[in-house]
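*Asks:* Handing you this structure, nothing more for now.
Read the figures in this text as sums done on the coordinates, not as results from a lab. If you're wondering where the values come from, they're calculated on a predicted model, not measured in any experiment. Virtual Cβ from ideal backbone geometry, glycine too; neighbours counted across all protein chains shown.
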Amino acid sequence: MFKEIGPTTFQYKYGEDNSYRSLIVEISWVDNYPDTPPNINLDTFYNKHIIDRVKSKIRNSLLEQTADLEGTAMTYSLFEWVKEHYDDLIADQPESASMASSKSEDSILEEIQDESSKKKERKEQLTKHQKRRLYEKMGNATGEKPRGWNWVDIVKHLSQTGGQES
């Protein structure tokens, strides 16, 4: 359950494997540790199923605990505190993926409103006859090419060769 990621970064996994209520708490020491609170990270890839409300609840609760433990080594104490209060902290998290998504209800409503306001603009569909008339109008039926059809090639060629010095 405990994993040392680096010399100052530690992770602890709570809950059962493959459970929708399991999570990883990552604690990183800062330069002035233990006089300043450590960084608490719950945004690991493993926690993508945890809803934002639960993440903020856990983070805020841990930050409250760091205020009490300031000046002492607190990594183990914080991990143990989460273990003791795990059920209370994870109470708002649904037990399965079908019961919730990782997005809050407000963000889902905003997405629905954005999608409805951003109706896709349909391109004008031309019939075969309209396409043929347009083709003939441009002079392509007679073998003539419209003025400037190869300008892109000329500009490209000139940019590669450079101009002549006078």
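*Asks:* Going by how many other Cβ atoms sit within 10 Å of their own, how do ASP17, ASP88 line up, fewest first?
*Replies:* Values: ASP17 6, ASP88 10.
Ordered by Cβ neighbours within 10 Å, fewest first: ASP17, ASP88.
*Asks:* Would you work out the relative contact order for the range 2-103, in percent, from Cα pairs under 8 angstrom that are 6 or more residues apart?
*Replies:* 27 percent
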